[in-house]
Structures are given as C-alpha cells and as structure tokens.
1. Can you give me the distance in nm between label points at Ile250 and Cys324, each placed 7 Å from the Cα along the Cα-to-Cβ direction?
2. At what distance in nm do the modelled label points of Asp65 and Met209 sit from each other, each positioned 7 Å from its Cα along Cα→Cβ?
3. If you place +1 on the Cβ of every Lys and Arg and -1 on the Cβ of every Asp and Glu, how big does the dipole about the Cα centre of the range 201-343 come out, in debye to the nearest 20?
4. For the range 13-194, max minus min Cα coordinate along each principal axis, in Å, sorted largest first?
5. Percent relative contact order of the range 77-117, based on C-alpha pairs within less than 8 angstrom and at least six residues apart?
6. Just report the Cα centroid separation between the range 202-241 and the range 86-159, whole Å.
7. How much length is gained on full extension from Arg104 to Asp307, taking 0.36 nm per residue of separation minus their Cα-Cα distance?
8. Taking 8 Å as the Cα distance limit and 6 or more residues as the minimum spacing, I'd like the relative contact order of the range 99-145 as a percentage.
Amino acid sequence: MVKNANELPGDPVAVAPPKGAGIRAAKKVPVGFIGLGRMGAAMAANLAATGYRVIAYVRRPDQMDKLAALGLKPTTEIADVFDSEVVISMLPDDTAVRDVVLGRKDLGIDGLASGLKPGTIHLSMSTISTFAASDLAREHARHGQGYVAAPVFGNPDAAKARQLFIVVAGAQADVERCQPLFDSLGQKTFVIGSDPGHANLIKLLGNMMSATTLEMLGEVVAVARKRGLDPKSLLDVMTSTMFGGRVHKIYGDKIVRQSYEAGFVIPLVLKDVRLALAEAETAGAPMPSVDVVRDRLITGIARGYGDLDWTALGLIAAEEAGLCGPTHDQVKGDARSASAGRNR
C-alpha cells in the first residue's frame, strides 16, 4: 500500500493498483452494471475495454444499440444481472438506488436483494445519503450478500480517462474482491473503513468543498470584471500561488471562459447539498457557506439553468453583480458545439 508524501498519520489509506493475476482472474465472471448515464456508461465501457463481460441493465430499449457499441451486453431485464459476482450501481439518488435494491412492484421490477445469490456484492458507486447506505447494507446482509460503498470524485471526462478517485468502505473481504474493478476505473482508491456510510459522508463533504469553492470563484471573478481586471490574470496569479488545487485550476478556468457545458448538472448538485446539510443538522454542525450555495442553486434552477454544469454558479454570481453574460440559448449552443467536437 502506498501513501502520498503529504498524507498524515491516520489519514485514509491510498491503495496503489496491484499488478498481476488478480485482475485476470476477476474477468472470468460477468459484472452487472446499473445506471448508464454519462458517468456510468463511461465506467462500464472502461470495464469492457479491460476485458470484463459487462451485463448492462437499462430500462429504455432505445439505448441498447449505443451500449452494445461500447462493448457492453445490454439488457432490459434486471434478472439478467442476477448471476453476476458483483453488480455495480451508478444511480442519481437515494430513491433510484432503493428501487433497484428493493424492487418496484408497480413497475414489475425485482430488486437486487431478492434476486442476487448469497455472496454476491452490490458495489454502490452512487452519491447517496449515509442513511440510505446503512439501510441498503443491512438489507443485503439479511440476504447473505455483500455491500460496498464506493462513490467517486471526478466528472464524466475523468471517468472516460480512468482518472477517478474512489472512496471505498465495506467489509475487508468484499473490498478486496472489488479492488480489480477499482483498478480498471480510477487512478487511486481510498479505503476508509468498514462502515459504508462513511464513504458517502466523505463524498458529500468533498462535494461541498468543491461547491463552495466554485461559488467563491464566481464571486471574485465578478469583482475582477466589474473593476476592469482581466479575470484570467487573477486566476493565473491565484492558481500559481496559494490556490493551486484541481478545483481552482479546472473549474476556475471554466468560470473565466464562461463555459457551463453540463458535466455535473445543477439539480444533482442541489441534491448533494441538501444531503450534506441534512448530515450537518444531524451532527449539530452548521454549514452556513453551504446554505449560500443552496440558495444560489435554487436561483439558477429558477432562471432556467437546470441543465447547466455547476460552474454556472459563476454565471449566477455575474448576474447578481449586474454583469451581462451569455444568454441561456448561447450557453446551450456552446455546450452542444463542444459536445459535437468531442464526438467527432
């Protein structure tokens, strides 16, 4: 196991991908995958490219050809994933994950808990509440199945490039069985204990650090523009001195360029903000800066920006400062052009 030079004693362990036969052995069994949005499709495609046989459950038949072109084995029958040794879910919220695990009688969907064989692992890579993670872990345990929480840091581009950071919690034996999958999906795995809820708490708190940083970046860029200062100069100085982190560099550049192409759309950010605030309330630990971000996100949705990336916090800050930014139609047009360019 490898640790970064800047890690302190007691920090989570950063596990370097192991080499050798373990990965090859793991590929002999199929892997189920549920949740084939932009993130999930990129992750499932990487597993297939590594050599796994990925059974991809999708509810919409019109998605079958697209998923097959990625090297996946698509199906509209959830029971087709029940023979997998590991089933990965990458779903948007608590409700979606609960529906998959517990089933939906009104939709005629069997749940993983009742359908998977004892010993099968549900690898939940969704960003959900700690409460949902604990409930789902108990339900799987009741059926003799494993549950590992493994939310990720990274956007769809990072997922495609296998540059995700994966935060993992679950029974040690289950985590070890899943490690070859993590090696195919991300650049580093952080194993932080046996309580699945702790992995989801870290993910939520990390997203809050990013969201509040984006809000502040938007505010200082708005001040710079109003004072006639090139915001790129501001960003160059800041990211070359005291603020050289990934969030400041990557998202700061997008805010300066007024680039709001969807990666992490505002409604999903708001969902995470509300989950984090609920965790904070339960802990009796106020998060007033996150309250500000929540209100900004609600404002953005009210203004029709629900299909934009969370970098649109910069757009909202600019509008609040009385600056004339690009119209929503222009923003969407730029996003479509960028997406088309990547798909050529």
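What follows is calculated from the coordinates using simple rules that are stated; it is not laboratory data. Note that the structure is a prediction, hence the values are computed from the model and not measured. Every residue, glycine among them, receives a Cβ derived from its backbone with ideal geometry; neighbour counts consider all protein chains shown.
1. Label-label distance for Ile250 and Cys324, simple model: 3.4 nm.
2. 4.5
3. The dipole of the range 201-343 has a size of about 300 debye.
4. Sorted largest first, the three principal extents are 44, 36, 29 Å.
5. On the way: 32 pairs, mean separation 16.5, N = 41.
Averaging sequence separation for qualifying contacts and normalising by length gives 40 percent for the range 77-117.
6. The two parts, judged by their Cα centres, are 35 Å apart.
7. The Arg104-Asp307 span can extend by a further 70.3 nm.
8. Working: 35 pairs, mean separation 17.6, N = 47.
Here the relative contact order equals 38 percent.
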